[in-house]
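A short worksheet on the structure shown next.
The values are calculated or read from the model by the stated rules, or taken from the named source; none is laboratory data. These figures come from a predicted structure and were not determined experimentally. Positions of Cβ are backbone-derived with ideal geometry, glycine not excepted, and every protein chain shown enters the neighbour counts. These accessible areas exclude ligands, DNA and RNA; they are computed on the full protein's heavy atoms, side chains included. Shrake-Rupley method; radii C 1.70, N 1.55, O 1.52, S 1.80 Å.
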Amino acid sequence: MTIAQAPSSTLSVVVLAAGKGTRMRSDTPKVLQPLAGKPLLGHVLDTVHHLSAERVVVVTGFGAQRVQEAFAHQAHLRFALQEPQLGTGHAVQQALPDLPGDGVCLVLYGDVPLAPASSLAPLVAQAQTGALALLTVELDDPTGYGRILRNADGAVQGIVEHKDATPAQRAVRECNTGILCAPLPALRRWLGQLRNDNAQGEYYLTDVVALAVADGVPVRASTVADADDVLGVNDRSQLAHLERVVQLRTARRLLDAGVTLADPSRIDVRGALHCGRDVFIDVGCVFEGEVHLADGARVGPYAVLRDVRVGAGTVVHPFCHLDGASIGAGAIIGPFARLRPATALADGVHIGNFVEVKNGTLGPGSKANHLSYVGDATVGARVNIGAGTIVANYDGANKHRTVIEDDAHTGSNSVLVAPITIGAGATVGAGSTVSKNVPAGKLTVARAKAVTLDGWSRPVKKK
């Protein structure tokens, strides 16, 4: 959703992404760990895009250069470095020079990837009225989370971190998510008043709540409905949990759209999957990049599809690996087939078991059913590529193209040495190695004559 903003209440966003993620036990910055095929920080920035922020500052620390390089394509982003890392309040302080003098500021976290725009928009609206707005969550086990402190009237008075909380305060189940939005002039003032006299010796952003109360600024708390929306990632177990959360949400959307999933708990979508009507997806399939499955398409178990278009009624059998390919309607692929980038298959094409096609086009009704490699080839309609046929496209330095015209047949275990043209209706005899153009409508055989040698004995092993 997009937030309409008054000119004096423009939105800036600060995303805290400085943490190393020690518990991840990884050399990769925590915010670059993948969730559903995208870095954690990428999910947050996608949400920010829907909020129409005028200024976005990412605060980096560990692996700062890698983080910046990963998002260099987003030219509107600004980066601030937190070094050393002295807490969340200190992190936001590093972003202040890149923020405007007025408007409101929303603070997000690069390791909290699923906070939806629908939960953040009310915070922005409340801050635009002059309030400090917090996002909270009710947890059955709030261990480790800061607790929301309210007075007898229910008004928010402050936040206490778990390590600093008394036993009574630790019994509170309403927890701070860390996400807040505040008028920028007030936030600057409160950040300048932060102290680090706490168990961690850090400058807590949460302390701005008590400062707002002292200033008479209203503090509004909105509670998120689904705790998974605000879960952070600190270790591999939490990352794996959120992966299943994302995949199950995606599965539910597919089911609601009319897709049949053999098991909604066994599908992985690491990009965008677009499905027509009556699509069937079996267990263990992985979809990456942009995948389109047209009406009635069927995908068998354990197939991997990346940046693929599959036509209506096409069947992809189990264990296929399809990458950067376009497949027409009514085709049959696999099992154990591999389609590599720049492959385009017309309607009714059959690609069978252990067949690989790379940078090749096959016309309507053409077939390569067994154990073949078709690389850098333009294949016409109704062509039959025999079992074991190899299109030899590489001379050791350069790739060359092969043309196989309509209605041609290649016999089993033939080798077509590019560049070469197989004429329309031609037949290449089984076992032939052909390095010159084959005339249309004729049989071409290029193989050594069989010779039988009398008196020959098979070698015997020496004792």
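Backbone amide hydrogens, once placed in the peptide plane, bring His274 within less than 5 Å of Val291, His292, Leu293, excluding anything fewer than 5 places away on its chain.
Arranged from highest to lowest average of other beta-carbon atoms within 10 Å per residue, in what order do the peptides 248-257, 421-430 appear? It would help to have the intermediate numbers written out before the result.
Working: 248-257: 14.5, 421-430: 19.9.
Taking the mean over residues of other Cβ atoms within 10 Å, the ranking is 421-430, 248-257.
The residue among Gly21, Leu180, Ile333 whose Cα reaches farthest toward the positive pole of the charge dipole of the chain, with charges on the beta-carbon of Lys, Arg, Asp and Glu, is Ile333. Per residue, the average separation of C-alpha pairs within less than 8 Å and at least 6 apart gives the chain a relative contact order of 8 percent. Computed from the alpha carbon atoms alone, the convex hull of region 221-334 holds 106 Å³ per residue. Just how far, in whole angstrom, is region 177-216 from region 82-157 if you go by their alpha carbon centroids? Here the two parts' Cα centres lie 10 Å apart. The residues of the chain expose on average 46 square angstrom of accessible surface per residue, using a 1.4 Å probe on protein heavy atoms. Applied to region 204-215, the Karplus parametrisation 6.51 cos²θ - 1.76 cosθ + 1.60 on θ = phi - 60° returns per-residue 3J(HN,Hα) values of 7, 5, 4, 5, 5, 5, 5, 5, 5, 4, 5, 7 Hz, with x for Gly and Pro. Taking amide hydrogens as placed 1.01 Å from N in the peptide plane, the amide H of Val428 sits under 5 Å from those of His409, Thr410, Gly411, Thr444, each at least 5 positions away in sequence or on another chain. Using a/c under 1.5 as the rounded threshold, could you call region 11-60 rounded, prolate or oblate? The axes a ≥ b ≥ c are square roots of the C-alpha gyration tensor eigenvalues, and prolate needs a/b larger than b/c, oblate otherwise. Oblate, since a/c reaches 1.5 and b/c is not below a/b. Per the Debye formula on identical point scatterers at the alpha carbon atoms of region 399-463, with no solvent, log10 I(q)/I(0) at q = 0.14, 0.17, 0.27 Å⁻¹ is -0.48, -0.59, -1.15.
In order along region 425-441, phi translates into HN-Hα couplings of x, 6, 10, 9, x, 4, x, 7, 10, 10, 10, 10, 4, 9, x, 5, x Hz, rounded to whole numbers, per the Karplus curve 6.51 cos²θ - 1.76 cosθ + 1.60 with θ = phi - 60° and x for Gly and Pro. Scalar couplings 3J(HN,Hα) for region 338-343, obtained by applying the Karplus form with A = 6.51, B = -1.76, C = 1.60 to θ = phi - 60°, are 10, 10, 9, x, 6, 9 Hz; x denotes Gly and Pro.
Just the protein heavy atoms count here, and of the accessible area of the chain at 1.4 Å, carbon and sulfur take up 52 percent.
Using per-residue counts of other Cβ atoms within 10 Å, averaged over each peptide, order 38-49, 443-454 from highest down.
Details: 38-49: 20.4, 443-454: 9.2.
Final packing ranking: 38-49, 443-454.
If one puts a single equal scatterer on every Cα of region 341-388 and applies the Debye formula without solvent, what log₁₀ I(q)/I(0) results at q = 0.16, 0.18 Å⁻¹? Once normalised to I(0) and log-transformed, intensities are -0.33, -0.42.
Cross-linked pairs Lys358/Lys442; Lys38/Lys399; Lys38/Lys163; Lys30/Lys163; Lys20/Lys163; Lys367/Lys442: Cα-Cα separations exceed 25 Å for Lys358/Lys442; Lys38/Lys399; Lys38/Lys163.
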